[in-house]
Amino acid sequence: MADEFFYGVTLKEQNAEVVWNPESATTEEIEYARANKLIVKQILLGVEAKADEYNVVEVETKGEDSLIKIPIAVLKVGENRCSQSFLEFPDNPVTFRLIQGNGPVHIHGHHLVGELETEDDDEDNFEEEEYDEDEGEDDEPKSKKAKVISSNNSKNTKNEKNKKK
């Protein structure tokens, strides 16, 4: 089950870079590691922003094969003060930078914290049926069939849970 928390940061001239990295934990917290995901829902230009200035927010995060740096919002007073988005960052760290303008730019969304799945969890989810001794010797024991079916159902259930997250 995942816990959900509000996430919000402000980028401005003095604080133009913010890093989201919930896994930069202490030694005690590492024993209880959990999966983290950041979902950015909205990027807003603050009321103090200058009228003639573009404010550009860039994100830096892990891609499939390399590091990705890309603008996610270009905001200007009188043109666009708000950017609705639904950006998901399943890997961390994620760095937000104000690469142009003085801001303030407010970024908010949700930080999801869930259970990490381990190989031991897969073994616990097997539903084994007992071998029926009355079955004929030619019949395959039900327990072997049950393990295969349960294993596949367990994986399908976990895949469905991951898709929902």
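Read-outs: derived from the displayed coordinates by stated rules, not from any lab. These numbers come from a predicted model, not from an experiment. Methodologically, a virtual Cβ is constructed for each residue, glycine included, from the backbone with ideal geometry; neighbour enumeration extends over all protein chains shown.
Residue-wise HN-Hα couplings along segment 36-42, as the Karplus relation 6.51 cos²θ - 1.76 cosθ + 1.60 with θ = phi - 60° gives them from phi, are 10, 9, 10, 10, 8, 9, 8 Hz; Gly and Pro carry x.
Take each of the peptides 87-95, 39-47, average the number of other beta-carbon atoms within 10 Å over its residues, and list them starting from the highest. Working shown, then result.
On the way: 87-95: 15.7, 39-47: 17.6.
So the peptides 87-95, 39-47, ranked by packing, come out 39-47, 87-95.
Which part of segment 85-106 falls in the paramagnetic zone of T10, meaning amide N under 19 Å from the point 7 Å along Cα-to-beta-carbon? Zone members listed by number: 96-106. For segment 3-115, lysine pairs with C-alpha atoms less than 27 angstrom apart, excluding pairs fewer than eight positions apart on the same chain, total 14. Based on C-alpha pairs under 8 angstrom that are at least 6 apart in sequence, segment 3-115 has a relative contact order of 48 percent.
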